[in-house]
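Here is the structure we will look at.
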Amino acid sequence: GIAAAIDVQLPGSFMWTLYRMVLGSDEIPSTSLLDKTPLTWRLMRLLPELINQPHFEPLQRFLTDDTDLRKRYQLSERLSDLFDQYQVYRADWLEDWAAGRHQL
C-alpha cells in the first residue's frame, strides 16, 4: 500500500503535544526543558558550578584549558543525549535517583 503525510512521534513528544492540546499552549511551552537541546544548554550553565565539588575532580581535569568551551559543550551534549535515552529506556533509574536511591 501507499501512505503519505504520516506523523510518527516518539512517546515523549506525543505526550508533550497532547499536554499542549489539552492544557493549552499558553500553559505548556512548545518544548520540554528535558528535550536534548534545552537540556544541553542547561548543562552548559550548570557544569562550571558542579566541577568545583570534590567528587567532580576528574571532570574538572577534563575541562581544564577549555578556552573555547568546546569540551564543555560536547560533554553537555553527550550527557543530554544519555539522559534522553534514560527517559525512554531507564525511567526506573531516573525515578530512583529522584527519590535519592543511587543505584543501577
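Please treat every number below as a calculation from the coordinates, not as lab data. Treat the numbers as computed from the prediction; the structure is a model and nothing was measured. With ideal geometry, Cβ positions are generated from the backbone for all residues, glycine too; neighbour counts draw on all protein chains shown.
Against the chain, whose longest principal axis comes from its Cα atoms, helix 36-50 is set at around 20 degrees. Tilt of helix 11-23 relative to the longest C-alpha principal axis of the chain, in degrees (0 to 90, nearest 10)? In the chain, helix 11-23 runs at an angle near 70 degrees to the longest axis.
Calculate, for residue 92 and residue 6, the FRET efficiency according to 1/(1 + (r/R0)^6) with r their C-beta to C-beta distance and R0 41 Å; round to the nearest 0.05. Please report the intermediate quantities before stating the final value.
Working: r = 31 Å, r/R0 = 0.76.
So the FRET efficiency works out to roughly 0.85.
With no solvent and one point per C-alpha, what does the Debye sum give as log10 I(q)/I(0) for segment 31-98 at q = 0.22 Å⁻¹? Cα-only, vacuum Debye calculation for segment 31-98: -1.00. In whole Å, how far is the Cα centre of segment 64-81 from that of segment 1-35? The distance from the Cα centre of segment 64-81 to that of segment 1-35 comes to 29 Å.
Between residue 63 and residue 23, the contour length at 0.36 nm per residue exceeds the alpha carbon distance by 10.2 nm. Projecting label points 7 angstrom from Cα along Cα→Cβ for residue 101 and residue 46 puts them 2.1 nm apart. 3J(HN,Hα) along segment 76-92: 4, 5, 5, 5, 5, 5, 4, 4, 4, 5, 4, 4, 8, 9, 9, 4, 5 Hz, from the Karplus curve 6.51 cos²θ - 1.76 cosθ + 1.60 with θ = phi - 60°, whole Hz, x for Gly and Pro.
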